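Just below is one structure, and these are the notes that go with it.
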Amino acid sequence: MNDKINILSIESSCDDTAAAVISDGFVLSNVIANQEIHKQYGGVIPEAASRAHQANIIPVVHQALMKAKIAKENITAVAYTRGPGLLGSLLVGSSFAKAFALAMNIPLIEINHMQAHILSHYILEDEKVPPAFPFLCLTVSGGHTQIVLVKDYFVMEIIGETTDDAAGEAFDKIAKTLGLPYPGGPFVDKFAKLGNATRFQFTHPNVPNYDYSFSGLKTAVLYLVRDGIKADSDFIATHLNDICASAQKTIVDILIKKLKKAAKDLNINEIALAGGVSANSGLRNAMLQLGADNGWRVHIPKFEYCTDNAAMIGIAGYIKYLKNDFSTQDVAAKARLSF
Ligand code: KG4
Ligand code: ZN
């Protein structure tokens, strides 16, 4: 074990406490503690998230080391999410990582969460071909929706982003309107599979360039449901599958349209997907179809690397380690952190 580069990585930017061990780019363990507490509120409560991270961080790291069958003395460096995210949540992970690095006298590596989502494509797996530079990455999560031009591992340019709600936020808010639990994206996905996607029509937003907007769709679904219930108190139950299918199709169509335009304008046919919403089956299928139709090489992450996880922080940390790109104890966690 000792001749390998073993990265312990910590992710705590939102409501998942996660730790992983990455050895020479391969995942040895990838542990996530989800915080159930937020379900009852229909969204993440920052104060509750910080407290849950405090309770989870030591057991999660312990489990990651146990699963990887590696002693803490054999960890080469520790990588952590510096931002963006909820500050109280970030502080738990960053404080732990700093203390671990100091105690073990090993290098500390800071990671940008959004870059890590993209770099999850470089997690080594047998027979997986990672994206070649330059490529376009559609990064879609609960907090972000971006088209990123990735020129190198850490040379990334956001060429388009949402002007209001993120795609994941749209899924979650629509789910809330339909009375589904938080986070609602996976539920919308599940019911959409059973519905007719052309049953309800929603207009597309009119935003320039490669930017997005999803707040109009959220409101359109709210009005559809409000008016529907006036005429039929069982409106949601009767039409749940069709509303989910129609709303999901609209989100996917909006996402794909701008991505297609960017790929054409920049003449790039290497396309990747990242972030929690890349777990969506409608989006995954649409991307694969688009790849087949346009001759793109499409890269879709494994399910476990779509939503927040520490393996993606670990692979980003491994790449930084190889570049001798280390952090220091005085670097502060940041809620807003650009590339
Ligand atoms: O990347 P992520 O785990 O956390 C953030 O950094 O935000 O993304 C979480 C988002 C949530 O909005 C969740 O509803 C959405 O990803 N999501 C999905 C699916 N799985 C997770 N949205 C649609 N379909 C899914 N299958
Ligand atoms: Zn994320």
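The values are calculated or read from the model by the stated rules, or taken from the named source; none is laboratory data. A quick note: this is a predicted structure, and the numbers were derived from the prediction, not measured. Don't worry about glycine lacking a Cβ; one is built from the backbone with ideal geometry, like all the others, and counts go over all protein chains shown. Just so you know, the surface numbers come from the protein's heavy atoms only, side chains and all, with ligands and any DNA or RNA stripped out. Shrake-Rupley method; radii C 1.70, N 1.55, O 1.52, S 1.80 Å.
In summary, strands (runs of 3 or more DSSP E) completely within the range 1-45 and bearing 3 or more residues that are within 15 Å of ligand 1 (Cβ to nearest atom) and modelled with pLDDT of 85 or more occur at 16-23, 26-34. Pairs linking a residue in the range 206-217 that is over 18 Å from Ala263 (Cβ atoms) to a residue that is polar (S, T, N, Q) and not in a loop (DSSP other than H, G, I, E, B), with Cβ atoms under 7 Å and 6 or more positions apart or on different chains, are Ser213/Thr162; Phe214/Thr162; Leu217/Thr250. What residue, among those in the range 40-62 that are open to solvent by 90 Å² or more (accessible area, probe 1.4 Å) and polar (S, T, N, Q), is nearest to Ser95 (Cα to Cα)? Among them, the one singled out is Gln54. Going residue by residue through the range 95-109, is there one that turns out to be open to solvent by less than 70 Å² (accessible area, probe 1.4 Å) and within 19 Å of the chain's Cα centre (by Cα)? No, because not a single residue in the range 95-109 is open to solvent by less than 70 Å² (accessible area, probe 1.4 Å) and within 19 Å of the chain's Cα centre (by Cα).
Within the range 123-144, the set of residues being open to solvent by 10 Å² or more (accessible area, probe 1.4 Å), within 29 Å of Asn209 (Cα to Cα) and more than 16 Å from ligand 1 (Cβ to nearest atom) comprises Pro130, Ala132, Phe133, Pro134. Of Asp189, Asp164, all but one fail to be among the charged types (D, E, K, R), away from ligand 2 (no atom under 16 Å from the Cβ) and part of a loop (DSSP other than H, G, I, E, B); the exception is Asp164. Inspection of the range 63-73 identifies at least one residue that is open to solvent by less than 60 Å² (accessible area, probe 1.4 Å), within 15 Å of Ala20 (Cβ to Cβ), outside any helix (DSSP H, G or I) and modelled with pLDDT of 95 or more. Out of the residues in the range 298-339 meeting the condition of being in a helix (DSSP H, G or I) and in contact with an Asp or Glu (Cβ under 8 Å, 6 or more places away or on another chain), tell me which one is most open to solvent (accessible area, probe 1.4 Å). Across the range 298-339, the extreme among qualifying residues is Tyr318.
Scanning the range 145-158 for residues that are in contact (Cβ under 8 Å) with a residue 12 or more places away in the chain and open to solvent by 50 Å² or more (accessible area, probe 1.4 Å), we see that the one that is nearest to ligand 2 (Cβ to nearest atom) is Ile158. Ser120 meets all of the listed conditions (1) more than 15 Å from ligand 2 (Cβ to nearest atom); (2) buried (at least 22 other Cβ atoms within 10 Å of the Cβ) but one, namely (1).
Of everything in the range 114-139 that is under 16 Å from Ile22 (Cβ atoms), assigned to a loop (DSSP other than H, G, I, E, B) and not hydrophobic (A, V, I, L, M, F, W, C), the residue that is modelled with the lowest pLDDT is Asp126. Quick check on the range 71-82. Is at least one of its residues in contact with a helix residue (DSSP H, G or I) (Cβ under 8 Å, 6 or more places away or on another chain), hydrophobic (A, V, I, L, M, F, W, C) and under 23 Å from Gly275 (Cβ atoms)? Yes, that holds for at least one residue. Among the residues of the range 167-182, the one identified as within 15 Å of ligand 2 (Cβ to nearest atom) and open to solvent by 40 Å² or more (accessible area, probe 1.4 Å) is Glu169.
Could you please let me know if Ala237 is open to solvent by less than 40 Å² (accessible area, probe 1.4 Å) and either not in a helix (DSSP H, G or I) or not assigned by TED's automatic domain parsing to the domain that holds Ser13 (or both)? Considered against the rule, which asks whether it is open to solvent by less than 40 Å² (accessible area, probe 1.4 Å) and either not in a helix (DSSP H, G or I) or not assigned by TED's automatic domain parsing to the domain that holds Ser13 (or both), Ala237 comes out as no. Step by step: first the residues of the range 178-196, then only those that are away from ligand 1 (no atom under 14 Å from the Cβ) and out of contact with any Asp or Glu (no Cβ under 7 Å at 6 or more places or on another chain), then the one that is nearest to Asn285 (Cα to Cα). Which residue is that? Top of the filtered list is Leu194. Of the listed requirements (1) assigned to a helix (DSSP H, G or I); (2) outside the structural domain of Met287 (by TED's automatic domain parsing), Ile111 misses just one: (1).
Here the condition is being outside any loop (DSSP other than H, G, I, E, B), more than 8 Å from ligand 1 (Cβ to nearest atom), under 19 Å from the mean Cα position of the chain (by Cα) and under 16 Å from Ile254 (Cα atoms); of Ile158, Ile147, it holds for Ile147 alone. Just one of the listed residues (Ala274, Ala247, Ala286, Ala263) is under 26 Å from Ile158 (Cβ atoms), within 16 Å of ligand 2 (Cβ to nearest atom) and either among the aromatic types (Phe, Trp, Tyr) or open to solvent by less than 70 Å² (accessible area, probe 1.4 Å) (or both), namely Ala274.
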